[in-house]
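Right, one structure below, let's go through it.
The values are calculated or read from the model by the stated rules, or taken from the named source; none is laboratory data. This one's a predicted model, so the numbers in the text were calculated from it and none came from an experiment. Ideal geometry is used to build each Cβ from the backbone, glycine not excepted, and the neighbour counts take in all protein chains shown.
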Amino acid sequence: MVTNDGAARPRVLVVDDDASITAFLKRALAYEGYQVEIAGDGPSGLAAALDSPPDLVVLDIMLPGLDGIEVLRRLRAGESDTGRLPILMLTARDEVSDRVAGLDAGADDYLVKPFALEELTARLRALQRRFEPESQRVLRFSDLMVDTASREVRRGPLAIQLTTKEYELLTYFMRHPRQVLTREQLLERVWGFNFEAETHVLEVYVGYLRNKLESPPPGSGGASLNRLIHTVRGVGYVLREP
C-alpha cells in the first residue's frame, strides 16, 4: 500500500488477543501512516509473519494457542526474512523475568501494558531506523545528507545541529525530493495532527531550517549557501535544486 504522496506504508503485524487493544492500534497506527494487520492468537500470528513477513511486529506475550515467547523463538529460527524481523514485545506485567525471557528469545524491544500510544509509535520508529538498509537510512539530496540512524545532518563538510522538529521536517522533505508538499500534508505528517488554519508554525520552522541550511560556512567570506527548500505560493513547499 502507498500513501497519497507515493511513499510505501510500512506494514505492521499486531498479534494480541485483546480485541479492544487491536482495534485501537489498527486505527491509531493507520493514522500514523502504517498498514496494519491483526492476528488474535499465537498460531495465526506466526502463520501471518511467515507467509508474508511484515516490516514490524508488535507481539503480546500472553497469547492463546502459542505464547508470544514461542512465536518469537520460531520466527527467529526461520528463514532470513523473519530472522531479522524487528519485533516489539508487549507484556501485561512489569516483571523482570518477562522482559529477560523476551529479550533472550530475540525481541528487539519491549513495552509494558498499559502503554502510551506516543511511546509505542516512537519505539516503532526507532526500530525502523535500526533496521533500515543504508540506501534508505542515509538520505542525500544535492550537497545535503541526513543519516536517520545517527540523526547526523551535513551540508557538504559542515555539520548542522537541528532541534527534533526541525530534523523531522527536514527528513520528510528529504524522503520526498522535488515533490510539492502541501501545507496540510506537512503539518499532519510532521506534527501529527491538523493545526488551526491560521497558525504559522510551519512557516516558522521552514524559516529555522533555511537559516541553518543556508548560513555561510566558516571562512566563506559571508556568502550564503544556495536555497534548497522553496515556497510554492498558495500550496506549500518543495525541496529542489536552486
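For (1) under 25 Å from ALA28 (Cα atoms); (2) free of Cβ contacts under 8 Å to residues at least 40 places away in the same chain; (3) of a type outside the set (Val, Ile, Thr); (4) touching an Asp or Glu at 6+ places or on another chain (Cβ under 7 Å), each residue gets a yes or a no:
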| site | (1), (2), (3), (4) |
| --- | --- |
| LEU75 | no, yes, yes, no |
| GLY83 | no, yes, yes, no |
| ASP98 | no, yes, yes, no |
| ASP108 | yes, yes, yes, no |
| PHE131 | yes, no, yes, no |
| VAL146 | no, yes, no, no |
| GLU166 | yes, no, yes, no |
| LEU169 | yes, no, yes, no |
| PHE173 | yes, no, yes, no |
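The conditions of being under 16 Å from the mean Cα position of the chain (by Cα) and within 24 Å of ARG9 (Cα to Cα) are not met by GLY45. Considering region 125-157, and only residues there that are of a type outside the set (Asp, Glu) and part of a loop (DSSP other than H, G, I, E, B), the residue that is farthest from PRO216 (Cα to Cα) turns out to be PRO133. Right, GLN161: loosely packed, with under 15 Cβ neighbours inside 10 Å and more than 23 Å from PRO53 (Cβ to Cβ) or not? The answer is yes for GLN161. Listed by position, the helices (runs of 4 or more DSSP H) enclosed by region 34-96 that each have at least 2 residues that are more than 23 Å from VAL112 (Cβ to Cβ) are 42-51, 80-83. When you scan region 56-76, do you find a residue that is at pLDDT below 90 and surrounded by fewer than 20 Cβ atoms within 10 Å (Cβ to Cβ), even just one? For region 56-76, residues at pLDDT below 90 and surrounded by fewer than 20 Cβ atoms within 10 Å (Cβ to Cβ): present.
Checking each residue in region 104-124 for being exposed (fewer than 15 other Cβ atoms within 10 Å of the Cβ) and part of a helix (DSSP H, G or I) picks out ASP104, LEU117, GLU118, GLU119, ALA122. For first residues located in region 225-242 and at pLDDT below 95 and exposed (fewer than 13 other Cβ atoms within 10 Å of the Cβ), partners that are among the small types (Gly, Ala, Ser) and assigned to a loop (DSSP other than H, G, I, E, B) and lie 6+ apart or on another chain with Cβ distances below 6 Å form the pairs GLU241/SER142. Here region 202-242 is the region considered, the condition is being within 16 Å of THR164 (Cα to Cα) and of a type in the set (Ser, Thr, Tyr), and the residue that is nearest to the chain's Cα centre (by Cα) is TYR205.
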